[in-house]
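Undergrad: If you scroll down you'll find the structure; I have some questions about it.
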Amino acid sequence: MNVIDYKCPSCGSGMVFDSDTGTLTCRSCGRQDNIEQTSDPLGQRTASANEVHEYHCTSCGAVIVAEAETAATTCSFCGSAVVLGDRLSGKLAPGLVIPFSISKEKATQAFKKWCRNGLLTPNKFMEANRIKGVTGVYVPFWLYELHNKVDVQGHATKVRTYTRGDYRYTETDHYDIYRRLQLDYVGVPVDASERLNDQLMDRLEPFPYNQLKSFKTPYLAGYVAEKYSYTDEELLPRAKNKIRDYIEESISASVKGYTSTHLTNKQIDTRVKNTDYCLIPVWLFQYNFNRKIYTFAMNGPTCKVVGKPPLSKVKISAWFAGVFGVTLLALELISWSMGGGFL
């Protein structure tokens, strides 16, 4: 089976995943099925990614047009939720998923609230009534477990100053330092979608990984899902880069207590202990303002919004004028308190 959809056993209508109840739900008759107790047709497949080139909707027979990265979508003719099974099987099969837990309506309300909080955005933008489209997307991520062996060598000093009699002494002790650290990081996330901006996805973090579940295709019904564009090996440099600052902080913490430190040698050996392929829920908003489309992304479970809204030149000028006025007033008060005048 190349196209997977879910028909209601009671009335025959299409069923979708309901984020409010966490069930596979029929919107026609109200039937709700527990996903954990629902058989997954994908589990019976071992197809390769390039096996199928054309898909047909099982409800109306129409040809389903989908980009190469798409793994779940809706039929453009009848609106049925479909999962492209061959794009989620074999090496492309996710192991984990964080299901959508915020409905489209609640996500839209949260986005409008975020728009109204823009202190430097134009007033018309803050009306939040120009939403052009809202799409729930399962974004492919790799989660890395990285074990790091860190060896550091260097030189450090401790300086002590004291007074004895009429003399003031400065005493400097020199030390050769060596540190060996074992630093393990679990669940380092890197998005594997070519179409979505990496910086945008990084800013959406953190995601609630305690909500991870074993993957089942019913979670995708009614949403768009993408398969990964890059393998875990191809994205390993990005994963290493994401933990670099944490490693540097740990190294700095290990050599505290000295007046000065100078590291002469630093070796970091990073090994991949495990990788998990998972799908993470993201709401994408298309916002139409002044004939330009702005794209914003929302963390599915937490409603955190990221993106670049338009800025009001008038509000920015007023803000700088206000900051300048407050600074000038503060300087004037300091000057008068010292017995003079600033102006």
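Undergrad: How high is the FRET efficiency between Lys112 and Ser13 when r is their beta carbon distance and R₀ equals 35 Å, given to the nearest 0.05? Provide the component values of the computation, followed by the final result.
TA: Details: r = 31 Å, r/R0 = 0.87.
So, using R0 = 35 Å, E works out to roughly 0.70.
Undergrad: Assuming 0.36 nm per residue, please report the length gained on full extension of the stretch Ser229 to Leu183 beyond their Cα-Cα distance.
TA: Result for the pair: 13.7 nm of gain on full extension.
Undergrad: Per 0.36 nm of contour for each residue apart, how much would the distance between Lys308 and Asp166 grow if the chain were fully extended, relative to their Cα-Cα spacing? Don't skip to the answer; put the middle values down first.
TA: Details: separation 142, 0.36 × 142 = 51.12 nm, distance 6.38 nm.
Gain on extension, Lys308 to Asp166, equals 44.7 nm.
Undergrad: Tell me, in nm to one decimal, what length is gained between Arg27 and Gln211 on full extension, where the rule is 0.36 nm per residue of separation less the Cα-Cα distance? Working shown, then result.
TA: On the way: separation 184, 0.36 × 184 = 66.24 nm, distance 2.52 nm.
Here the answer is 63.7 nm.
Undergrad: Would you please give the FRET efficiency between Arg244 and Thr264, computed as 1/(1 + (r/R0)^6) with r the Cβ-Cβ distance and R0 = 25 Å, to the nearest 0.05?
TA: Numbers: r = 19 Å, r/R0 = 0.78.
Efficiency, rounded to the nearest 0.05: 0.80.
Undergrad: Can I ask one more? Ranked by accessible surface with a 1.4 Å probe, highest first, in what order do Arg31, Arg271, Arg168 come? Mind dumping the intermediate values first?
TA: Working: Arg31 80, Arg271 150, Arg168 180 Å².
Descending accessible area places them as Arg168, Arg271, Arg31.
Undergrad: Suppose a student asked you for the relative contact order of the stretch 134-232, using Cα pairs under 8 Å spaced at least 6 residues apart; what percent would you report?
TA: Values: 134 pairs, mean separation 39.9, N = 99.
Value for the stretch 134-232: 40 percent.
Undergrad: Considering only protein heavy atoms, what per residue accessible area in square angstrom results for the stretch 95-225 with a 1.4 angstrom probe? Kindly include the intermediate steps, with their values, before the conclusion.
TA: Numbers: 7090 Å² over 131 residues.
Here the per-residue accessible area is 54 Å².
The values are calculated or read from the model by the stated rules, or taken from the named source; none is laboratory data. In this text the structure is predicted, and so the values were computed from the model without any measurement. When we count neighbours, we look across all protein chains shown, and the Cβ atoms used for this are built from the backbone with ideal geometry, even at glycine. Remember, those area values only see protein heavy atoms, side chains included, never the ligands or the DNA or RNA. Shrake-Rupley method; radii C 1.70, N 1.55, O 1.52, S 1.80 Å.
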